[in-house]
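Structure record follows, encoded as C-alpha cells.
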Amino acid sequence: MNTAATPSHITLSTAMLDLVFSRDEQLLSLTRYAGERQSWLHSGTESELFALTIDGQRYTSRILELAGIEMDFSVAGVQHMIACFDGNGFEVEHHLKVYQDTALTEAWQVIRCTSSHSIQVSRADSFTLDIPASEYELLYYTSDWGDEFNPVRERLAGEKILETRFGRSSKGQHPWFALTHSSGAVLSGSVAWSGNWVFRFEPIKGGYRLSGGLHDWEFSRDLAPNGTMETPIVVLGLGKDLNAVSQQYARIGRRYWYPRTSLSAKVPVEWNHWWSYEDDHINEARFLENVAVAQRMGVEVCVLDAGWFGPSDADTFWYDYRGDWDLVNSERFPRGARPLSDDCHARGMKFGMWCEIEALGVKARLAETRPELVALRDSKRLGYICFGSPETQEHAYQTLARLIRENNLDWIKLDFNLDPGAGCNRTDHGHGAGDGLYTHYMGYYHTLDRVRRDFPEVVLESCSSGGLRIDLGLMRRTDITFLSDPDYPVHDLQLFWGATTMLAPNACLHWSFGEWINKNPPPPQNFNPRDPKLKPHQLDYYTRISMLNVFGFSQKLPELPAWVESRLSDHARIYKQHVRRFVKDAELYRLTDQPRRDGSGDRWSAFQYRLPDETESLLFVFRLPGGEESRTIRLSDLQSGRLYRIVGFEGEDLGAQRGSDLMETGVHFNTLPEEGSLLLRIL
C-alpha cells in the first residue's frame, strides 16, 4: 500500500466518479469514463462524497479534516483509495474502489470511535453525489412475491426516495436505479446490502443531490471506545446506455465479486423437486425415481428442497418447523438424506439440499432449547434467529457444516421467507436496541464467509420467497440467486430483463416451468406437459427462456410424455454444448424493451450474447402472446465489415449478412407463431 503525501488543502471535487487529488503538483485520477458523454455529471460544486450523522450532528468530507490518503494497487485491475478523516471523537476511512477499463466505482466507510466515551451513529450515507439540473428519467423496480422486477420509469422532478423497510433488500423495491440523462448517458447505482437501504434524490441549488446506503429508519448504532462500524458498499456506474452499464456490472461481478466453485463455474443444469411435490408429497422413493430420469435427461445437479426435516410425520408442514435442522422426517426419508446424495453421485451428478438457516418456525423446538438465539422486537418473536449474536453465528455454522459433511453436499439452497422489518432490539445479543438488523446481516455475511472458507467447493444458492433478497451484498458470498417462485414464460422474461441490469446471467437461476400442485398457483401458472394440445413450439418457447441463465427444471420427470422428455433432453444437450459458455462469459444485450407479465410492455423479446473475443454471438428471439406478426431485430456491437452467417440448431439458415446491415437494417422475423422462439448462432 502506498501512502500519498497530503497537502494542507485539498479539493474533493464533483463525483466519486471523477475524484482527483492534487499531489506534488501532479493529478492522480482514480477513474476513467467508459463513454464519451459523461460531462453532464460535472455540476461545478464540491461533492461531499459521504455523509454521517454522529451524536445528532451531520458530518461530511467537506467538514472533516483530511488526515491522509493511502493507495492500494495490490489487486490487479483495481485502484483502491482510502482517505482518512478526523472528527471530534471519531475517525472515518472513506474507501473508494475503481475498476480498470470501466466507469464502475464502489464507495463505503469504516467509522471508528476514538473518544473515551461511546458515540452514536444514526445515519450513514455511503455516498453523496451532486448532479446539475437537467432532464432525467429515473428507472427503478418495485418488487413483491411473484411481482419482482416490475419497472417504473418516471421523470425526475422534485424529491424522490427509493427504499425498503421490510428488512429484505428486494421486498418493495430492488436496491438499484438507473438515471438517464437527456444525452442518453446512464448513471446507475446499487446498494450491496441485504437489509433496509435507501436512495435519495433531493433538489438542491443548481441540480440534485443523490445519496444513500444503509437506511436510517429505526437505526442507531452505539460505538464504544475503539469500536468500529462498516457502512454498506454502494456501487455507481456510468455508461453510454443501459446495456453498457449492465455489462460493467456483469464483467466486474464475474471477475471480482461472485464466488465460484468448480460446479457453479460450470453453469450446470439443475433439477429441484419443489413445485411438483412441495413438502408432504416428496419422499425417498419419489426423489430417487426422479434422479434416475434426471440422469437420462442430462441433468447435472439434483436438489432436495423443503420437506426433508422436522418430526417424523408424513403430514407435517415445513414452514412450522424451520430451525429444527437436526430432525429428519423419517416417515418420508427413513434412511435420511445421505442415500439420496450417494445415488446422485453414483450416477455422476451432484446433490444439494435446501435449508432456511435463519428462520424459526412457530413449532420449532429450537426456540425452547436455545432461547438466547431468538430474534425479538419488543419481546415478541420475529420468526428468525438473530445473527447479531455470536452464539447464533456459531450455531448456524455448525449446523451447515454438519449438513454438508453428513450428506456430502455439493450445493445448499439458502432461503429466507419472512420480513424482519427493523429487526431484533434485544440488548443481550451483542448489539444494541437500534442496530439489530444491521448486526444480523453482518453476522450472516460472516457465517457465509466462514462456510465458504471451510467448504470452498460447495455451491451456495440464495433465495428469499423467490426473489425478495437479490443484492450485490449476498452476491459476493453466494454463487447464484433464485429470481422468483412463479415461473411462467412472460414473467420469466420480465425477470431476466430486469435482473441482468445488475447481475451477470450466470448469477441468475430460474426454472423453465413448474408443475404446481399448490392449490393456489398464480393464474398464468397453468402449464401442463401432459396436455395433448401442447405443441412442440410452445415447449421450446417455455424451455429456451430458462436457457438464458442457469438452466433448471422443476417437474415430475418420471411422468413426462416421451416426446417431452426427449425434447427437454435435447435442450439440455444444446445448453451444455453451446449455450452455457455464452451465459458464463459473454456480454448481454437487450435488443427489445422489457416485456410485462400483465400483458403490457414489448410483446417480442430478443437478447444477444456476444463472446468477449467478438468471434461469435448467440441470438434468442421470442414472440409473446399478443405480439405483432412480424418484427425486425437489430443486433449490436458487431464488426461492420465482417460477413456473418446466421444458423440455428434446428436446421435454420438465414444466410449471410454484413455486420453493418445486421446492426442498421436488422433481421426480419415473420414466421414465428405466438409463443414461438428461435435460438440462432451468429458466426
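The values are calculated or read from the model by the stated rules, or taken from the named source; none is laboratory data. Keep in mind that this is a model prediction, so the values were computed, not measured. We place every Cβ from the backbone using ideal geometry, glycine too, and count neighbours over all the protein chains shown.
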Please state which one of VAL583, VAL621, VAL564 is free of Cβ contacts under 8 Å to residues at least 60 places away in the same chain and either under 22 Å from the mean Cα position of the chain (by Cα) or part of a helix (DSSP H, G or I) (or both).
-> VAL564
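Here are some residues: PRO339, PRO334, PRO311. Which one is farther than 23 Å from PHE416 by Cβ, more than 28 Å from the chain's Cα centre (by Cα) and surrounded by 15 or more Cβ atoms within 10 Å (Cβ to Cβ)? It would help to see each step written out before you state the result.
On the way: PRO334 fails: surrounded by 15 or more Cβ atoms within 10 Å (Cβ to Cβ); PRO311 fails: farther than 23 Å from PHE416 by Cβ.
The unique qualifying residue is PRO339.
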Which ones in the stretch 362-392 are surrounded by fewer than 23 Cβ atoms within 10 Å (Cβ to Cβ) and within 27 Å of the chain's Cα centre (by Cα)?
-> GLY383, PRO390
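Looking at the stretch 629-683, what strands (runs of 3 or more DSSP E) fall wholly within it and have at least 3 residues that are in contact (Cβ under 8 Å) with a residue 12 or more places away in the chain and either in contact with a Pro (Cβ under 9 Å, 6 or more places away or on another chain) or surrounded by fewer than 17 Cβ atoms within 10 Å (Cβ to Cβ) (or both)? Walk me through it before giving the result.
On the way: elements: 631-633, 643-648, 653-658, 667-669, 676-682.
By residue number, 643-648.
Could you identify the single residue in ASP487, ASP492, ASP449 that is part of a helix (DSSP H, G or I), surrounded by 24 or more Cβ atoms within 10 Å (Cβ to Cβ) and of a type outside the set (Phe, Trp, Tyr)? Quick ask: steps written out before the conclusion?
Values: ASP487 fails: part of a helix (DSSP H, G or I); ASP449 fails: surrounded by 24 or more Cβ atoms within 10 Å (Cβ to Cβ).
From the options ASP487, ASP492, ASP449, the qualifying one is ASP492.
Could you please give the count of residues in the stretch 523-551 that are part of a helix (DSSP H, G or I) and β-branched (Val, Ile, Thr)? Walk me through it before giving the result.
Of the stretch 523-551, the ones part of a helix (DSSP H, G or I) are 536-546.
Filter again for β-branched (Val, Ile, Thr), leaving 543, 545.
Adding up the residues that qualify gives 2.
For the stretch 285-300, state whether one or more residues are farther than 25 Å from ARG567 by Cβ and in a loop (DSSP other than H, G, I, E, B).
Checked the stretch 285-300: no residue is farther than 25 Å from ARG567 by Cβ and in a loop (DSSP other than H, G, I, E, B).
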Restricting the search to the stretch 197-215, which residues are surrounded by fewer than 17 Cβ atoms within 10 Å (Cβ to Cβ) and part of a loop (DSSP other than H, G, I, E, B)?
-> LYS205, GLY206
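If a residue counts only when it is of a type outside the set (S, T, N, Q), touching a Gly at 6+ places or on another chain (Cβ under 7 Å) and modelled with pLDDT of 95 or more, which strands (runs of 3 or more DSSP E) contained entirely in the stretch 147-195 have at least 1 such residues?
The qualifying strands (runs of 3 or more DSSP E) are 150-155, 176-181, 186-192.
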Go through (1) out of contact with any Phe, Trp or Tyr (no Cβ under 6 Å at 6 or more places or on another chain); (2) part of a loop (DSSP other than H, G, I, E, B); (3) more than 18 Å from ARG596 (Cα to Cα) and name the single condition TRP516 misses.
-> (1)
